[in-house]
1. Where the second residue is at pLDDT 90 or above and the first is small (Gly, Ala, Ser) and lies in region 151-162, which pairs have Cβ atoms under 8 Å and are six or more apart or on separate chains?
2. Select from region 374-404 the residues that are of a type in the set (Val, Ile, Thr) and assigned to a loop (DSSP other than H, G, I, E, B) and list them in ascending order.
3. Any residue at all in region 99-110 that is in contact with a Gly (Cβ under 7 Å, 6 or more places away or on another chain), buried (at least 22 other Cβ atoms within 10 Å of the Cβ) and either under 28 Å from Asn173 (Cβ atoms) or of a type in the set (Phe, Trp, Tyr) (or both)?
4. Based on this model, can you work out whether Arg485 counts as modelled with pLDDT under 85, surrounded by fewer than 16 Cβ atoms within 10 Å (Cβ to Cβ), basic (Lys, Arg) and part of a loop (DSSP other than H, G, I, E, B)?
5. Given the conditions (1) among the small types (Gly, Ala, Ser); (2) buried (at least 22 other Cβ atoms within 10 Å of the Cβ); (3) modelled with pLDDT of 90 or more, report the number of the one that Ala175 does not fulfil.
6. The conditions are (1) in contact (Cβ under 8 Å) with a residue 40 or more places away in the chain; (2) farther than 20 Å from Lys278 by Cβ; (3) in contact with a Leu (Cβ under 7 Å, 6 or more places away or on another chain), and Pro236 fails exactly one of them. Which is it?
7. Could you list, in sequence order, all residues of region 121-140 that are in contact (Cβ under 8 Å) with a residue 12 or more places away in the chain and surrounded by fewer than 14 Cβ atoms within 10 Å (Cβ to Cβ)?
Amino acid sequence: MAPCPANRRLVVRGRIEECSSTGHGLCHLSINKSNDITMAKKAKKVKSAKGAELRIVNPDAAGIDIADGIMQVCIPADRSKDNNRAFGAYTSDLHAISAWLRECGIKTVAMESTGVYWIPLFCRLQEDGLDVVLTNARDVKNITERKTDESDAEWLMLLHQYGLLKASFQPHNEAKRMRTLTRHRDTLSREASSMVLRMQKAMQQMNIKLTLVLSDITGKSGIRIIEAILAGERDPKKLAELADIQCKTPKEEIAKALEGNWEEDLMFVLRQNYDTFKHYCTQLGECDAELEKLMENYRAEVAKVEDTSYSPAKKRRDYKKTRHTVSFDVERKAYEMWGVNVFEIPGISHLTALELMSELGHDFTRKFPSSKQFCCWCNISPNTKISGGKRISSHVPHRRNNVGLIFRSIASSLANAKNQLGNFYRRIRSRAGGKAAVIATAHKVAEIFFAMVANQTTYNPERVGIDEKVLLEKRITRYKRELERITGTHIEIGNACVP
């Protein structure tokens, strides 16, 4: 292997000093062909007569720079005369890359997560038995020099040889398919919601105030009225009679709201938006059916518990069905995947549980050493920076993580909850503000979720935080001490409140 330039050795030494002082990184993990979890080799620093030096831990390593049409592959110089080659991005080129790497004795490959261009090559190399490490582009920024595809591929290979790369989290292959459909389902749901807004806009322009008398125009009453309007009915009283008997708004007021101008161009827009909305609803149902099928295949492959250990009587609660509601029993599927009922955690809904199942898979607790690393990966932990023995900043990094966004949405739903997590949220909000309360509560929910799945335990609200009654007693004691300090006299407080 050709020696690396001196300037790169200095950079590598600087990087390893930085890496050794960072304790919040993700565990070095990769997944081989059989989907078994393996630990990637970490950087090894040894002391010599000249000081600390790095040792190569991955001699059979290669680096690949990913792009839309070009795959730049670099291997050690002693493996081939032309060790830094450019390949195409077609399927035949991917097979050629894999064959060349195996011919040169390469066992592990490092690549950046560039858009979605890495996915076909990642899967191809993984299926051919190579250990593939997918890393974040932020962690492999090149040294200050001329940037080319060749230098990027060589830099990736060099870092991977010395064990300086952190592998990105990758769920099980079946979970990846579920993740694709769940994200697609979220897109369909958002598109359907946009069609509802367009329907509301068209009716507002016709001065049909249906949104003032119905909380949801896509509910049972709203759909009946809209379909009757599109069918040609214009009598407000007859339209108001279509409202459900459980509707709280009087029929007379609904009839007043349905007096409009009925312009033809706006009716055409309303019709098309309604048809598009129904189309999206149909696609949501088909997506749910495909998701349920994938979950059955997933359970058959990596099932953790048997159906006999789950009883519908253990369900936490029923839920109201809307257009966003998943059509199958998510609570049962979650129990079959993780072996515990995560719905015991306040704030977790059927939709958020489905998203967590598809984003994490069944074995995510084995890929993180502890809940601390898991919360750091979710981007719900502050990145504390210390220089000169002083803390110079402690902020949550500005990056997107889908799992972290899910836990943040769960935390936001607990703002007015009458439980321990709700008390924790409001206590942090009163002290540090709403944004800090969301992050802190999301961190606590993620820790509880990780502990339940990892330890196979049930939710224990007593271990969440201090009870509201205890908090009130502590607050009274604190106010009592403050009054004694101001007045200089001893104050006795009984069971009754002090006026």
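The values are calculated or read from the model by the stated rules, or taken from the named source; none is laboratory data. Owing to the predicted nature of the structure, the values given are computational and were not obtained by experimental measurement. Counting neighbours? That spans all protein chains shown, and the Cβs are built from the backbone with ideal geometry, glycine included.
1. Ala153/Gly63; Ala153/Ile64; Ala153/Asp65; Ala153/Gln72; Ala153/Val73; Ala153/Cys74; Ala153/Asn84
2. Ile380, Val396
3. The answer is yes, given that some residue of region 99-110 is in contact with a Gly (Cβ under 7 Å, 6 or more places away or on another chain), buried (at least 22 other Cβ atoms within 10 Å of the Cβ) and either under 28 Å from Asn173 (Cβ atoms) or of a type in the set (Phe, Trp, Tyr) (or both).
4. no
5. Every condition holds for Ala175 apart from (3).
6. (1) is the only condition that Pro236 fails.
7. Once the filter is applied, which keeps residues that are in contact (Cβ under 8 Å) with a residue 12 or more places away in the chain and surrounded by fewer than 14 Cβ atoms within 10 Å (Cβ to Cβ), region 121-140 yields Glu127, Gly129, Ala137.
Here is a yes/no grid of residues against (1) modelled with pLDDT under 85; (2) acidic (Asp, Glu); (3) in a helix (DSSP H, G or I):
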position: Ile406; (1), (2), (3): no, no, yes
position: Arg427; (1), (2), (3): no, no, yes
position: Glu462; (1), (2), (3): yes, yes, yes
position: Leu471; (1), (2), (3): yes, no, yes
position: Lys474; (1), (2), (3): yes, no, yes
position: Arg478; (1), (2), (3): yes, no, yes
